[in-house]
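Below is one structure, written out as structure tokens, with a few remarks after it.
What follows draws every value from the coordinates through simple rules; no lab data is involved. It should be emphasised that the depicted structure is a prediction, and the values quoted were computed from it without experimental measurement. Virtual Cβ from ideal backbone geometry, glycine too; neighbours counted across all protein chains shown.
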Amino acid sequence: MGAHVEILEKLRGALEPQGFEVHPFQVSWYNGVLESVFHLSYPPDTLAFVVLSSPSMFEKSFKPFLAQRKLQSLRDPIDQCVAHHMRLAQEKFPLHKIDVIYDYELHPNRRPKVLMQTAAHVSGAAYYYQRSDVEEDPWGKQKMFGVCIHPRFGGWFAIRAVLVFTDVQATHLAKTLPIDCVPGREERIKLLENFNYNWRDGKYRDVLAAEERYSAEQTLYFATPPAERLKLLEMWGHPIPPC
Ligand code: B12
């Protein structure tokens, strides 16, 4: 049994009750599909995890976080909440060195530090549908962004962070393939068009019958422009200290 088994169990124990999902991968699986400018610079068999937020994260983590702590007015509230839980998870492993990389982190040249969708795909968490997954695609020269679909949540989730256990080798970690839950060409075309042209209406999220979706409150929160979200939280009764 590799060290990853125990670590995975402990991480899931810390994060699943909070509405997160955790999926392990080896750095080499991620680097193996990416151009070198995007590579993570760790030895190939280094153990890493991708962390997703499921629909219930809002109720299980975000609301209690708002109720318990003082939000800082200058940082995105969800990001503060996610960082809080990643710190708590990190504290469970005092003997390991863990690098936490968030979805919004960029290098000075503006390149994202981690491509979260690729990490989700190679860990088996959620299939990453890209234009190259559509045979003879109809989009010509247009740029089409890809989208990950989760077998249980459809598009109702986000990919929040990658945790790298820099001192652990995952030599015995078996690869889990992501579930191809949008197998048809026409369905994939519709999915990518919805994600690219109509993402605001959220239809791409319902490409399959999801087991859990965002609550009405959560949908309203994410539909609100980031600059106005603090105002919404204040209306919901969570005071925000002035800058
Ligand atoms: C920059 C960014 C944007 C930009 C540009 C989008 C883009 N994809 O480039 C803009 C502002 C337009 C944007 C918009 C949105 N975004 Co955005 N965005 C990002 C961000 C921060 C980085 C994406 C990026 O720059 N990728 C770089 C490009 C080059 O990567 P790529 O196209 O995947 O190319 C690589 C792969 O093809 C790979 N590759 C090659 N071959 C193979 C083979 C295999 C098998 C695999 C796996 C990979 C692979 O190699 C390429 C690089 O060399 C990510 C978070 C993150 N850190 O990843 C969120 C993210 C992609 N966005 C997300 C979302 C939801 C959105 C929006 C709906 C808005 C929102 N937040 O609600 C819209 C939808 C798109 C639209 N219609 O505008 C989600 C997607 C979730 C999902 N289910 O997939 C992410 C992951 C954020 C998150 N925390 O969950 N976004």
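Some observations on this one:
- Compactness index (Cα Rg / 2.2 N^0.38 Å), region 40-113: 1.28
- Fraction of alpha-carbon pairs over 24 Å apart in region 47-187 - percent: 43
- Spin-label model distance (nm) - Cys181 vs Gln72, 7 Å beyond Cα toward Cβ: 3.4
- Between Leu11, Leu71, Leu232, the residue with the greatest mean-square fluctuation in the GNM of the chain (Cα pairs under 10 Å linked by springs) is Leu232.
- Cα-Cα pairs of the chain separated by more than 34 Å (percent): 18
- Share of pairwise Cα-Cα distances greater than 16 Å in region 113-186 is 58 percent (whole percent).
- Peptides 104-110, 217-223 ranked from most to least packed give 217-223, 104-110, packing being the mean of other C-beta atoms within 10 angstrom over each peptide's residues.
- Taken as Cα centroids, region 24-42 and region 74-147 sit 13 Å apart, rounded to the nearest whole angstrom.
- Count of Lys pairs (Cα-Cα under 26 Å; at least 8 positions apart or interchain) in the chain: 26
- Translational D in µm²/s for region 1-84 (Stokes-Einstein at 37 °C, 0.692 mPa s, Kirkwood Rh from C-alpha pairs): 221
- Helix-only arithmetic for the chain: the sum of -39500 (n - 2.57) across DSSP H runs with n ≥ 4, divided by the residue total, places the mean residue ellipticity at 222 nm at -9000 deg cm²/dmol.
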